[in-house]
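To keep things clear, I will list the structure first and then write my remarks on it.
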Amino acid sequence: MLLGIIQGGPLSIFINVPSLVIVFGGTAGNTLVHYPFSDVFDAFNVAKKTLLYKEQSINDLIVQLMEFANKARKEGILALQGAMDEVEDEFLVKAMQMAVDGQEPDTLRSMLMTEVEYIQQRHEKGANIFLAIAAYAPAMGMIGTLIGLVQMLQTMDDPAAIGPAMAVALLTTFYGAVIANVFCTPMSGKLKTRSESEILVKTLIIEGMQSILSGENPRIMEQKLHAFIAPKLRESTFK
Amino acid sequence: MLLGIIQGGPLSIFINVPSLVIVFGGTAGNTLVHYPFSDVFDAFNVAKKTLLYKEQSINDLIVQLMEFANKARKEGILALQGAMDEVEDEFLVKAMQMAVDGQEPDTLRSMLMTEVEYIQQRHEKGANIFLAIAAYAPAMGMIGTLIGLVQMLQTMDDPAAIGPAMAVALLTTFYGAVIANVFCTPMSGKLKTRSESEILVKTLIIEGMQSILSGENPRIMEQKLHAFIAPKLRESTFK
Amino acid sequence: MLLGIIQGGPLSIFINVPSLVIVFGGTAGNTLVHYPFSDVFDAFNVAKKTLLYKEQSINDLIVQLMEFANKARKEGILALQGAMDEVEDEFLVKAMQMAVDGQEPDTLRSMLMTEVEYIQQRHEKGANIFLAIAAYAPAMGMIGTLIGLVQMLQTMDDPAAIGPAMAVALLTTFYGAVIANVFCTPMSGKLKTRSESEILVKTLIIEGMQSILSGENPRIMEQKLHAFIAPKLRESTFK
Amino acid sequence: MLLGIIQGGPLSIFINVPSLVIVFGGTAGNTLVHYPFSDVFDAFNVAKKTLLYKEQSINDLIVQLMEFANKARKEGILALQGAMDEVEDEFLVKAMQMAVDGQEPDTLRSMLMTEVEYIQQRHEKGANIFLAIAAYAPAMGMIGTLIGLVQMLQTMDDPAAIGPAMAVALLTTFYGAVIANVFCTPMSGKLKTRSESEILVKTLIIEGMQSILSGENPRIMEQKLHAFIAPKLRESTFK
Amino acid sequence: MLLGIIQGGPLSIFINVPSLVIVFGGTAGNTLVHYPFSDVFDAFNVAKKTLLYKEQSINDLIVQLMEFANKARKEGILALQGAMDEVEDEFLVKAMQMAVDGQEPDTLRSMLMTEVEYIQQRHEKGANIFLAIAAYAPAMGMIGTLIGLVQMLQTMDDPAAIGPAMAVALLTTFYGAVIANVFCTPMSGKLKTRSESEILVKTLIIEGMQSILSGENPRIMEQKLHAFIAPKLRESTFK
């Protein structure tokens, strides 16, 4: 896209401070009337985390949980304490800590599920806030263009000045369209897609740790976990 | 936004009385055909209250309710009479008055819940009325611009007059867009967001007062109230 | 709005017979393909009645029903015969007539409820027909403008004639926007709002007459009826 | 509408073969990618039948069914054989044939209901296909106009040629709007409205024939059938 | 459509590399932010398969299943091993293999149903991804046109250059409209239509194989299978 822009002339013609003020300021203002500041701030935080979130292989996770299950069976639940250092996923570490601390399986499940629900709510709120910005930005862009057009038409002395004035007036529409369609709508979509896979990972962890704590047969535990994923992706650790 | 406008010329070019009459008059007319006058009046009242509504710290409220619970346990329910003077929230004062007056816990709950439902309904109606205005205003703006264009095109004698005439014609579209996107849509969103947090505060008050009246153990009462808020925000008063 | 139009030139420039034929004829044609003639005719009848419908005070109605309840308790159900002359609401007269005729409470309720359902269906159909017209009219307006533009562009001999020809072409868009946004959409909204309050009045009448016929205690009857309205509006007739 | 067109010039300026090819061909192509050919063909067949469908008086149908009920009661079910010649409605003939053939009431009901469901599904599919065409046609119209504009702007030698070229470019938008708004959307609406009344007629026939076969009391049968229609339309055959 | 384009000038005027980069690159970028790469890749795979999917005659399938049923009755279930070579449908082969391998009817059903559900989910995801592309492409087209307009208006020296520059600016809108309306929307619709008929075929196979494995009477099995298709299409194999 930058390529296409550069070919047609200097990038500087796409930068106009009053236009930026109208679109960014107006959109920010509308969004902050609609949502409290803390929620908008959270939405950007969630978005940042989601972009940095490293998609975890579901199969690797199942293999890892099966290892912990076998370890816990042989050496007791406290053996998980040592394994915790190698684990990167914070949620899994927390679940293991709770298991090592001697929580009941049901308590562990209900406490972690509550946390998953709050994560899900935060993601949904974030996706909605980005959708709201994607609706406000083009509206502010249109308002900015109307302002520019009215000013231009009122003071139309020099026909040669019409072109550049019109170009500036169109810039706010351009900013609004870019904010909405290049940033906010795809980001809202990504938040939804990532939220689904993050929730799936966390649900698997909860199911797995509950199984381990209950001392279930590892084969049955593997079947349970496999039920969450597509048939073709299932790779048994038992041969 | 004002900055951007001012830079381009005097603000006076954005004011045109017939245009204002068409957009504001037309939108008001449509809205008052759609909704009875009393409902529209209520919507603006609710909006005013919502803008002035001081967001209450949920944690402070829980701490306050825990204090009342301890006081009621030690000195009896009538001791709340004295504490009522320091309380700002009208709904909490009402709930305490009912408790001091000797209402049964269930009666207190059902009477206050009915009131919360009516508050919720009023907020929803208000949000819908602002959405309706946000739909009528741009439509009236477009009609105004069409009127202006037809008049201009019919009497096109002097090419130099086209610009300003066109500018005036576009003003109604501008007014419609501003009413819809800068005022009504964000206001409708704010009404929904605020309604949720106001309802949450009132529900906590009802739960708390019912607990106090029933003489429940303060620790259990705190757990109940904490269930309404995010895990990270919970601060126990018991150390 | 008329003010704004008049200021800009004679009203006659907004009247163009072929444009009117295209928009009104086309919209009428589309609507009559979509809905049978009798339904469209009914919708306009319902709209007329709704506009003339005098909003009834719910409190006055409850007071009146309480009077009838007391009268029926003291002088017997037949005493309502005399009171019927003062009643304006046709539905209430019908309900009283049925009570005086000796109908069972349950029969009275089910027969009147059936009628309320048909009224509700008629209102909904009416609101939908106005929404359909509000969708067809701007579409026909756009088609008319396209016809005008094509004709103008094909026969562009005299540049001076472009303005008025363009003005005429825009008239159909103007007509379509006015039909949709100034008449049909608010009318559809009004039908919904009025329908709700009319149904509420009729439901109160049914509840009240059933209570009277069953010989219920007036205090209990008043509580039942009050449950339909906001707490602040309730005014007991018992002091 | 034709009137309005004719006044402005010869109809021939609205006919342009390449434009017709783009809009009709493109819309047909899209529709046939979306739906199999047989379904689209069926939709047009259903539409044709719906347009020719003679709205049947519900009251006449009830009167007729009551006659058959009385005849069957007096002369036996086989007497319906003779009455079948006067009946126009194919579905009623089929129902009577099944009754004369000695089908059980429940079998008759379930077999005819299955057929009604398939009719309903076919109508719905038809209405959806017309809606899809109504969505594809304006899109193809816009694409055609873009093609025309690009061609015109690229080869802009003679200013006098701009008008007619622009007129031709707008023709595809015009075709798309006419296909969508004058044909497909009202037709889709009509299919839904007619489907409802056709289903109502068929349901009445099924209910009536089942009643006749079960030898129900005609008065009860009339009450059952009247339950399907508005109170005001009910005319008892018993005086 | 090509015809219409060719008539107006050389096809080359519709090709502009920077415009293609903006629309295709931008749309691809947005889609890949929204959905993970593997899902988008899958969607195109599903679309390819769907286009190549040979619509299977439901009647032929039922006849074939009836043959297998008769064969299995006479010669035992293992006789299906030989018949598998003539079968083209992979899903049917898999079902037969499971039957020959001695799976229980219920296991066969539940295992195949799980697979059908995953197929359905993949189709739905595919249809949604094409809908998302159909939403992003016109947005990127509009952004590209805005870029082109701003560049053109800023550097408006030669009036003769306006036409071609405007034509190039419109190309991105044209590309966006073609991607959305000629490719993605009909493809999304086709995925839904085909998905339905593919699922129907697979459900029939599951029902049939379960019937065969359970040793049900072929006449009853035929009635069961016929219940899935329209009455007029049913052709019994029993005369």
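The values are calculated or read from the model by the stated rules, or taken from the named source; none is laboratory data. Predicted model only: the values in this text are computed from it and were never measured. Methodologically, a virtual Cβ is constructed for each residue, glycine included, from the backbone with ideal geometry; neighbour enumeration extends over all protein chains shown. We work out accessible area using only protein heavy atoms, side chains counted, and drop any ligands, DNA or RNA first. Shrake-Rupley method; radii C 1.70, N 1.55, O 1.52, S 1.80 Å.
Between helix B:185-214 and chain B there is an angle of about 10 degrees, using the helix long axis and the longest principal axis of the Cα atoms. Straight-distance candidates among the aspartates and glutamates for linking to C:K202, with alpha-carbon spacing under 13 Å and chain neighbours fewer than 8 residues away dropped: C:E55, C:D89, C:E90, C:E115, C:E117. In a reduced charge model with +1 at each Lys and Arg Cβ and -1 at each Asp and Glu Cβ, the range B:147-239 shows a dipole moment near 640 debye about its Cα centre. Using a simple spin-label model with pseudo-atoms 7 Å out from Cα toward Cβ, D:A230 and E:L200 lie 3.8 nm apart. Evaluated with a Cβ-only charge set (Lys, Arg +1; Asp, Glu -1), chain C carries a dipole of roughly 440 debye about its Cα centre, given to the nearest 20.
Just report the Cα centroid separation between the range C:11-51 and the range C:163-239, whole Å. Centre-to-centre distance over Cα atoms comes out at 24 Å. Ordering E:L204, A:I77, D:F24 by the projection of their Cα atoms onto the charge dipole of the protein assembly as shown, which places +1 on the Cβ of Lys and Arg and -1 on the Cβ of Asp and Glu, puts D:F24 at the extreme positive end.
Sort the range D:105-216 into rounded, prolate or oblate with this rule: let a ≥ b ≥ c be the square roots of the eigenvalues of the Cα gyration tensor; rounded if a/c is under 1.5, and if a/c is not under 1.5, prolate when a/b is larger than b/c, oblate otherwise. Taking the square roots of the gyration eigenvalues as a ≥ b ≥ c, the range D:105-216 is prolate. Working value for the range A:50-144: equivalent-ellipsoid semi-axes of 41, 15, 9 Å, each the square root of 5 times a Cα gyration tensor eigenvalue, largest first.
Counting lysine pairs in the range C:1-145 that sit 8 or more residues apart in sequence, or on different chains, and whose Cα atoms lie under 25 Å apart gives 9. Toward the positive end of the charge dipole of the protein assembly as shown, with +1 on the Cβ of Lys and Arg and -1 on the Cβ of Asp and Glu, the farthest Cα among B:M111, D:F130, A:G215 is that of D:F130. A label point on E:N59, set 7 Å along the Cα-to-Cβ line, lies at 4.6, 4.6, 7.4, 7.5 nm from each of its counterparts in the other copies, closest listed first. When the protein assembly as shown is described by a simple charge dipole with +1 on each Lys and Arg Cβ and -1 on each Asp and Glu Cβ, the residue from D:N59, B:Y35, D:I143 located farthest towards its positive end is D:I143. Net charge dipole, the protein assembly as shown: roughly 140 debye, given to the nearest 20, about the Cα centre with Cβ charges of +1 for Lys and Arg and -1 for Asp and Glu. Pop out the carbon and sulfur fraction of the accessible area of chain A as a percent, whole number, probe 1.4 Å. Exposed carbon and sulfur together represent 59 percent of the surface. Taking K and R as +1 and D and E as -1, what net charge do the other residues with C-beta under 15 Å from the C-beta of C:A47 add up to? Summing Lys/Arg as +1 and Asp/Glu as -1 gives +3.
Given chain B, report the % of alpha carbon pairs whose separation exceeds 33 Å.
Values: 12158 of 28441 pairs.
When all Cα pairs of chain B are counted, 43 percent exceed 33 Å.
Taken residue by residue and averaged, Cβ atoms of other chains lying within 10 Å of the Cβ of E:162-170 number 5. Highest average first, the peptides C:31-42, E:160-171 ordered by how many other beta carbon atoms sit within 10 Å of their residues are E:160-171, C:31-42. Can you give the percent of C-alpha pairs in the protein assembly as shown whose distance is more than 42 Å? Distances greater than 42 Å cover 60 percent of the Cα pairs.
For the chain pair D and C, the interface hides roughly 2500 square angstrom of accessible area in total, found with a 1.4 Å probe.
Could you give the accessible area per residue of the protein assembly as shown, probe 1.4 Å, as a whole number in Å²? Could you put the intermediate results ahead of the total?
On the way: 58210 Å² over 1195 residues.
Accessible area per residue: 49 Å².
What translational D, rounded to a whole number of µm²/s, comes out for the range B:194-236 from Stokes-Einstein when the hydrodynamic radius is the Kirkwood one over Cα pairs, at 10 °C and 1.306 mPa s?
For the chosen part, D equals 145 µm²/s.
Relative to the longest principal axis of the Cα atoms of chain E, the long axis of helix E:90-100 lies at roughly 20 degrees. Once the convex hull of all Cα atoms in the range E:8-74 is built, its volume per residue stands at 172 Å³. In this assembly of identical copies, the label point of A:R73 (Cα plus 7 Å along Cα-to-Cβ) is separated from its counterparts by 4.8, 4.8, 7.7, 7.8 nm, sorted shortest first.
Using a 7 Å projection from Cα along Cα-to-Cβ, the label point at D:E90 is separated from the same position in the remaining copies by 4.2, 4.3, 6.9, 6.9 nm, smallest value first.
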